[in-house]
Amino acid sequence: MSPRLLRADADPVGRHDTPLTVTVNGEPLAGVAGQTVAGVLLASGRRSWRAGPSGAPRGVFCGIGVCFDCLVTVNGERDVRACRRRAADGDVVTTQSREPGDAR
Amino acid sequence: MTARTRRHVAVVGAGPAGLAAAAAALRAGARVTLVDAAERPGGQYHRMLPEQYRAARPERLHHGWAAFDRLRRHVLGHPRCAWWAESSVWSLERPGPGDETAPRVHVVRGPADGAGRERLVLDPDALVLAPGAHDRVLPFPGWDLPGVFTAGAAQALAKGERVVIGDRVVVAGAGPFLLPVAASLLEAGSTVLEVLEANPAATVLRGWGRRPWELASQAGKAGELAEYTALLARHRVPYRTGRAVIEARGDGRVEEVVTARLRADWSVVSGTERIVAVDAVCVGHGFTPQLELPLAAGCALREGFVQVDGDQRTTAPAVLAAGEITGIAGAPAARVEGLVAGWAAGGGDAAAPEARAARRRRDRARAFAARLAAAHPIGDGWPGWLRPETVVCRCEETTYGALCRAADAPASAAARAVKLGTRAGLGPCQARICGPSVAELLARRSPPPDLAAGGHRPATPHHRPVAQPIRLGELARPPKENL
């Protein structure tokens, strides 16, 4: 199995979710309002969406904005930490990797 | 007294330490600006669910929810408190020499890493720094595979947005924080296969067992740990001491981990390796204090943490510090440190009975921190887990072999030269993750720099002039001042 969002009806905290949709490299992904971009990606079964300099896959590592492994481009802005950015309905997310010689 | 003539205290960080500091400064009569990068207060310990989840029973995920909820409502709703959510302090501007005023606080406010954030500048009379800590994770072969998470990430995802990282999970590392992480995973429905504490039982028991009377004052923390232990027992999750995850393997993601028995110094006892099939693994070997801001403010460090006096004042004028940056001791300690710091920052009378009581509680909390450090040290033998091709710096993919070669070559052995030659610590995270490990590996291989002969003292891995990323467009924008 892969990472997933707890079902709202089975969640003891009693959530009342509002659905949202973002696109990732053009593909629509369903999420709920309040999730981070990383949360939406993980819950859709993706573990990695960026590559290190050698091409090695990277996803979420620290989850709190420290490691910068999870960087994505959101609505044209590069280098957004997916674990810290709340997803907004209609967000256009594109994955990004480091270009050789890129500061990021 | 008008708002403008009142003493103004800026508090950075709204976790247990920062919230308590804000409350104490308000009580002392000051006006307060409370700044935090997250949308909601609580920090990592009381990480709240997003408001949009409209959770009916958020208390299910928290220890001490009622007290926290009261405190945050009191502070955020206080007429003298300005609450700045989604606000990152990216720079502290020190006053000139001889000037005893607090540093200017440069803030960007808006969605994380967004391009259109607002620039704000605070000129407080006193500054309380309570930025907290993040997980320290030692490198091991395969730790860069997707599916390997820090313990903090697993907890933040489960507690903060109800995302579970996997179904068959091993939790490993060192320290009592592994227990609440395992509890969060169990609560969210994962199967936790085992919890591995790298230190042997003897070390853990010696650390926790000495001077038992000190523990009584931390009954809250001890009770919390006992609850986690009971939960683990109920789910039949083994808690093994003297054992660690020494390798993660898989094709593009973690599929199995290798665990092994460790000696007291964390060297591997060969022949004790076991392979465990997993779909996720959480690791944490303690915590790294977030020292960017205290260093930017010019605060002196002692043994890797911000040096503070009896009132939580740092060596920098009008700058106080509370919480994990003054020593890793957990939420109860952070709260009393925050109380002491906020009261002093707000101009409260140091001789007031409640101030004395808070300082006594703080002193006991510090004793708890010392005990924690003794019970869960990092053993010297961990580099034995590494292979030449093991990535140490995740950003730049600098390997252990490359670091060793650079450290052993006489021309490049100085820490700065190693960094420039191998790029370790120069990637996007700016050595936040690998810095302490690289520093430790180099210190072992290279002789200390000859400062008398003009050698450079190795820079602390936490020194970052820009504490949080800011975009050039944002920097060019004129800030709002006199807030």
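The values are calculated or read from the model by the stated rules, or taken from the named source; none is laboratory data. Only a predicted model underlies this, so the values are computations on that prediction, with no experimental measurement involved. Cβ coordinates were reconstructed from backbone atoms using ideal geometry, including for glycine residues, and neighbour counts include every protein chain displayed. We work out accessible area using only protein heavy atoms, side chains counted, and drop any ligands, DNA or RNA first. Shrake-Rupley method; radii C 1.70, N 1.55, O 1.52, S 1.80 Å.
Based on the Cβ-Cβ distance of B:Ala374 and A:Ala30, what FRET efficiency does E = 1/(1 + (r/R0)^6) give at R0 = 41 Å, to the nearest 0.05? E(calc), rounded to 0.05, equals 0.25.
Given the convex hull of the Cα atoms of the protein assembly as shown, what is a quarter of its surface area in nm²?
On the way: hull surface 106.3 nm².
If I average the Cα hull's projected area over directions, I get 26.6 nm².
By the Cβ rule of 4.7 Å, the protein assembly as shown holds the following cysteines without a possible disulfide partner: A:Cys70, A:Cys83, B:Cys81, B:Cys282, B:Cys299, B:Cys395, B:Cys404, B:Cys429.
List the GluC sites (Glu not before Pro) within segment B:325-434 that DSSP assigns to loop and that have no more than 13 neighbouring Cβ atoms inside 10 Å.
Numbers: sites: B:Glu337, B:Glu354, B:Glu389, B:Glu396, B:Glu397; in loops: B:Glu389, B:Glu396, B:Glu397.
Here the sparse-neighbourhood loop sites are B:Glu389.
3J(HN,Hα) couplings calculated from phi for segment A:82-93 with the Karplus curve 6.51 cos²θ - 1.76 cosθ + 1.60 (θ = phi - 60°) are, in sequence order, 5, 7, 10, 8, 5, 6, 10, 4, x, 4, 9, 9 Hz; Gly and Pro show x.
Averaged per residue, the protein assembly as shown has 40 square angstrom of accessible surface, using a 1.4 angstrom probe with ligands and nucleic acids left out.
Can you figure out the FRET efficiency of B:Arg54 with B:Arg405, using R₀ = 51 Å and their beta-carbon distance, to the nearest 0.05? Let's see the in-between values first.
Details: r = 56 Å, r/R0 = 1.09.
Step by step, r from the Cβ atoms, then E = 0.35.
Between B:Leu225 and B:Ser267, how high is the FRET efficiency from 1/(1 + (r/R0)^6) when r is the Cβ-Cβ distance and R₀ = 35 Å? Nearest 0.05. About 0.80, to the nearest 0.05. Taking 0.36 nm per residue of sequence separation and removing the Cα-Cα distance, the B:His235/B:Leu426 pair yields an extension gain of 64.5 nm.
Placing a label point 7 Å from the Cα of A:Val92 along the Cα-to-Cβ direction, the residues of segment A:22-46 whose backbone N falls under 17 Å from that point are A:22-29. Based on Cα contacts under 8 Å between residues 6+ apart, segment A:1-65 shows a relative contact order of 27 percent.
Return the Rg/Rh ratio of segment B:288-440 with Cα-based radii and a Kirkwood Rh. Mind dumping the intermediate values first?
Details: Rg = 19.5 Å, Rh = 17.8 Å.
Radius of gyration relative to Kirkwood radius: 1.10.
Please compute the volume of the convex hull spanned by the alpha-carbon atoms of segment A:5-56 and report it per residue in Å³. Before the final figure, lay out each step's value.
On the way: hull volume 4.7 nm³, N = 52.
In segment A:5-56, the Cα hull volume divided by residue count equals 91 Å³.
Here the spin labels are modelled as points 7 Å beyond Cα on the Cα-Cβ line, and at B:Ala202 and A:Arg7 they lie 5.0 nm apart.
Shape analysis of segment B:89-132 based on the Cα gyration tensor places the equivalent ellipsoid semi-axes at 24, 12, 8 Å, largest first.
The mean sequence distance of close C-alpha pairs (under 8 Å, at least 6 residues apart), as a share of the length of chain B, puts its relative contact order at 20 percent. For segment A:6-29 versus segment B:38-90, the inter-centroid distance based on Cα atoms is 22 Å. Considering segment B:129-255 at the alpha-carbon level, its Rg and Dmax are found to be 15.4, 51 Å.
Note on B:Val121 and A:Arg78: the model spin-label points, each 7 Å out from Cα along the C-beta direction, lie 2.9 nm apart.
Run lengths n ≥ 4 of DSSP H only: what is the helix-derived mean residue ellipticity at 222 nm for the protein assembly as shown, with -39500 (n - 2.57) per run over all residues, to the nearest 500?
Calculated from helices alone, the mean residue ellipticity at 222 nm is -8000 deg cm²/dmol.
Taking the alpha carbon gyration tensor of segment B:261-351, multiplying each eigenvalue by 5 and rooting it gives semi-axes of 39, 14, 12 Å, largest first. Averaging 1/r over every pair of different alpha carbons in chain A and inverting the result gives a Kirkwood radius of 14.2 Å.
In Å² (nearest 100), what accessible area is buried between A and B, both sides summed, heavy protein atoms only, 1.4 Å probe? Accessible area lost upon association: around 4700 Å².
Just to be sure I follow the definition: excluding the sites themselves, where is the longest run in chain B that has none of the trypsin sites (Lys or Arg not before Pro) in a DSSP loop with at most 13 other Cβ atoms within 10 Å? Could the numbers behind the result be given before it?
On the way: sites that count: B:Arg4, B:Arg210, B:Arg236, B:Arg263.
With trypsin sites (Lys or Arg not before Pro) excluded where exposed in loops, chain B gives B:264-483 as its longest stretch.
If you wrap segment B:15-57 in the convex hull of its Cα atoms and look at it from every side, the mean projected area works out to 3.7 nm². Note on segment B:366-400 and segment A:41-99: Cα centroid distance 26 Å, given to the nearest whole angstrom.
Net charge of the neighbourhood of A:Asn25, taken over other residues with C-beta under 15 Å away and scored Lys/Arg +1, Asp/Glu -1, is +1.
Over the alpha-carbon set of chain B, divide Rg by the Kirkwood Rh and report the Rg/Rh ratio to two decimals. Please report the intermediate quantities before stating the final value.
On the way: Rg = 22.6 Å, Rh = 23.5 Å.
On the Cα set of chain B, Rg over Rh gives 0.96.
Between B:Arg366 and B:Arg445, the contour length at 0.36 nm per residue exceeds the alpha carbon distance by 25.1 nm.
Using the C-alpha gyration tensor of segment B:46-157, what are the square roots of 5 times its eigenvalues, in whole angstrom, with the largest one first? Taking √(5λ) for each Cα gyration eigenvalue gives 30, 24, 15 Å.
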